[in-house]
Amino acid sequence: QVQFAESGGGLVQPGGSLRLSCAASGSIRNIYSMGWYRQSPGKQRDLVADITRGGMINYANSVKGRFTISRDNAKNTVYLQMNSLKPEDTAVYYCHAEAWTTGKAGLGDYWGQGTQVTVSS
């Protein structure tokens, strides 16, 4: 029902920057929130940042002041600008959306396939 086109992951040195993008498409009626989660091997998937359609933002404490999330509602796209990257930011980053879709009652949770971010010298 919802497909995602994620891009922007890769390998970067500590202190460097990356920008992730995620565009949602499919049978979407409206998207309430979009955001990014991340998961390292052997660990649970945790929220990095999310943003509602109205612009309310949540950040994980570990990324505050370094990462910036933004959203283009007209394009159903969310961005994550990641600066001052640290080795502990290494993970698979997953795009997430809470959305109303055609043929389904209520909000649904939808996930992208993930993009690898590796911070290493």
Size of the dipole of the chain about the Cα centre, Lys and Arg at +1 and Asp and Glu at -1 on the beta carbon, nothing else charged, in debye to 20?
120
Convex hull volume of the Cα atoms in the chain, per residue, in Å³?
96
Add +1 for every Lys or Arg and -1 for every Asp or Glu among the other residues with Cβ under 15 Å from the Cβ of residue 33, and state the total.
-1
Select from 51, 94, 108 the residue farthest towards the positive end of the dipole of the chain; place +1 on Cβ of Lys and Arg, -1 on Cβ of Asp and Glu, and compute about the Cα centre.
51
What is the mean projected area of the alpha carbon convex hull for the stretch 38-85, to one decimal in square nanometres?
3.9
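Readers should treat all values here as calculations from the given coordinates under stated rules, not as data from a laboratory. None of the values given here were measured: they were computed from a predicted structure. Note: ideal-geometry Cβ built from the backbone for every residue, glycine included; neighbour counts use all protein chains shown.
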